[in-house]
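The values are calculated or read from the model by the stated rules, or taken from the named source; none is laboratory data. Being a predicted model, the structure only gives us computed values, none of them experimental. Here Cβ is always computed from backbone atoms with ideal geometry, including for glycine, and neighbour counts include all displayed protein chains.
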Amino acid sequence: MDHIVLDATEPLACAPDQQPAVVVSVCTTCKAADGGPGHGATMLAAIANQLAAQPDVLLRPVQCLGVCKRPTTVAVTSADGYTFIFGDLVHDTGPAAVAAFAQAYRSADYGLVPWRERAKVLRTGMVARIPPARWSPDDGRAPK
């Protein structure tokens, strides 16, 4: 599957055998930290440029990821992987960091990219790491 970018009105619609390996969701309604004009749409375009060479990555705009106090916000997920939510992304480092993370995420078990292998902006900007719905061990530990 080639890299895909959806517009704001297009639903995520893939055949079951063509699901993207990684889905990157970018909040397009995020405003600047000072409350100024939104940065989400320009972040979406910048990430699209960085992801252009990555196959099996679906980039999609979303109206809100609910992390308004930590703009600009991006979520990275997959069908059987952890979902990572990152905030406080800035245009000079965020797009390249997200693209590098998506590439590492694709090859990591459950998408668990080691903390030290993440760009600094993603280490400091991590909002949440949510386990996959299908994975729920009794002790709550992450898989090894």
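Descriptive notes on the structure:
- Residue within region 40-51 that is out of contact with any Leu (no Cβ under 6 Å at 6 or more places or on another chain), without any contact (Cβ under 8 Å) to a residue 12 or more places away in the chain and of a type in the set (Gly, Ala, Ser) present: yes
- For region 86-144, a residue qualifies if it is assigned to a helix (DSSP H, G or I) and either more than 21 Å from LEU58 (Cα to Cα) or β-branched (Val, Ile, Thr) (or both), and the qualifying residues are VAL98, TRP115, ARG116, GLU117, LYS120, VAL121, ARG123, THR124, GLY125.
- A single entry from VAL113, VAL127, VAL57, VAL62 fulfils the requirement of being more than 21 Å from ALA21 (Cβ to Cβ) and not small (Gly, Ala, Ser): VAL127.
- All of (1) more than 21 Å from ALA100 (Cβ to Cβ); (2) of a type in the set (S, T, N, Q); (3) at pLDDT 90 or above hold for GLN19 with one exception: (3).
- The one condition in (1) in a loop (DSSP other than H, G, I, E, B); (2) free of Cβ contacts under 8 Å to residues at least 40 places away in the same chain that ARG70 fails to fulfil: (2)
- Residues in region 73-85 that are in a loop (DSSP other than H, G, I, E, B) and surrounded by fewer than 20 Cβ atoms within 10 Å (Cβ to Cβ): ALA79, ASP80.
- Some residue of region 52-75 being at pLDDT 85 or above, out of contact with any Cys (no Cβ under 9 Å at 6 or more places or on another chain) and among the hydroxyl-bearing types (Ser, Thr, Tyr): no
- Taken over region 49-99, residues that are aliphatic (A, V, I, L, M) and farther than 13 Å from LEU122 by Cα amount to 10.
- Residue count for region 87-106, restricted to those that are surrounded by 19 or more Cβ atoms within 10 Å (Cβ to Cβ) and either closer than 15 Å to THR28 by Cβ or among the acidic types (Asp, Glu) (or both): 5
- Residue check for LEU65: in a loop (DSSP other than H, G, I, E, B) and crowded, with 18+ Cβ neighbours inside 10 Å: yes
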